[in-house]
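The structure appears below as structure tokens.
The values are calculated or read from the model by the stated rules, or taken from the named source; none is laboratory data. Predicted, not measured: the structure shown is a model, and the values here were computed from it. For neighbour counting, all protein chains shown are included, and Cβ atoms are generated from backbone atoms with ideal geometry for every residue, glycine included.
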Amino acid sequence: MTAAFAERLLGWFDRHGRHDLPWQHPRSPYRVWVSEIMLQQTQVATVIPYFERFMERFPTLDELAAAQADAVLSSWTGLGYYARARNLHLAARRMVAEDLPETVEGWAALPGVGPSTAAAIVAQAFDRRAVILDGNVKRVLSRHGAVDTPVEAAATQRRLWALADERTPDDRAADYTQAIMDLGATVCRRGQPLCAHCPVASDCLARVQGRVAELPVKRRRKARPTRRRLLLWLEDEAGQLFLEKRPPSGIWGGLASLPECASTDGIDERLAGLALERDDDWREIGRFRHAFSHFELDASLIAARVVPRGLAESRGEWHGLDALASSHPPVGLPGPVARVIRERAGALSAIQDTARRDD
Ligand code: SF4
């Protein structure tokens, strides 16, 4: 079974797998590590442009380790799960002080690197046998082995690790790792898997038993609660936008964002806390919804011009909209906030263009 599974998968990979991903050319431990962190919870097509921009900005481990945290977070703007960027930066600093790990245990000891990510790095960066079990692989193995207990359960995880281990060949570690991830992403997809094109279909138990649609079994999730928030778009006389740095951990940790308020009742107190005073009326300028893993954010954006309150220094930072809307903003921004800023900066320059044409 092992040899046959891996052989068929590798034969398929040679013909149909992904051989031109940017982190494969050149393939170095640093590039593979960055790509694997970006690929956690994120699809390849989304990651590619972020990876390329990141490598332009931080082409080596030393440059990443020497960078300011804001610069790293800024390169992550829009990619989400920002703890990944903070951990990447911490791990880079640790790696320049010590040696770059070459074992699964060594990589797994770094912040933000779990056992499957560590194995994927070792297999791809050093072409050494290492067993991976990411979301795609869990789906393939649950179906192929007809594993019908909840995938989150500890006993199921142990079984899937054992199945993954049995199927992982001794040779072509890098190719096999990419192959099984590619199979999950492109053929054994979550919805409408392409079993007719699958190299391991002949002994796939889910297919033989007609149970593909019901596997893997997931525990039913509770509905996500909605959190309503006001986001304050505060501009000074010069049209600069006020941002405050969020606490280092938690949602959007360490990023610069619009000040947030639970309800209109608390706005004046919030402004006072920022040492700012409102200079004109509030106006609603937009809304967005954003899904986090445990809740949905329902945000309303309200805007006003503000001035410093007395002589106190405001507790935040002011930035021009153009700089914030650029491809390398000076600070890391949450994805939905970056989108709003780009939209408003675009709308503003369209208004200015029209005014210029009318002159
Ligand atoms: S036959 Fe279908 S369900 Fe089975 S592993 Fe292949 S794509 Fe997945």
(request) Give ARG53, ARG86 a once-over and let me know the one that is in a helix (DSSP H, G or I) and buried (at least 16 other Cβ atoms within 10 Å of the Cβ). (result) ARG86
(request) Answer with yes or no whether VAL131 is within 16 Å of the ligand (Cβ to nearest atom), touching a helix residue (DSSP H, G or I) at 6+ places or on another chain (Cβ under 6 Å) and closer than 16 Å to PRO169 by Cβ. (result) no
(request) Among the numbered conditions (1) in the same structural domain as THR149 (by TED's automatic domain parsing); (2) more than 16 Å from the ligand (Cβ to nearest atom), tell me where ARG219 comes up short. (result) (1)
(message) For the condition among the polar types (S, T, N, Q), away from the ligand (no atom under 14 Å from the Cβ), assigned by TED's automatic domain parsing to the domain that holds ASP127 and free of Cβ contacts under 8 Å to residues at least 60 places away in the same chain, what is the one hit in GLN178, GLN192, GLN157?
(response) GLN157
(request) Go through ALA162, ALA146, ALA206 for me and flag whichever is in the same structural domain as ASP127 (by TED's automatic domain parsing) and more than 10 Å from the ligand (Cβ to nearest atom). (result) ALA162
(request) Could you check, for segment 101-117, whether at least one of its residues is among the aliphatic types (A, V, I, L, M), within 25 Å of ARG207 (Cα to Cα), crowded, with 21+ Cβ neighbours inside 10 Å and modelled with pLDDT of 95 or more? (result) no
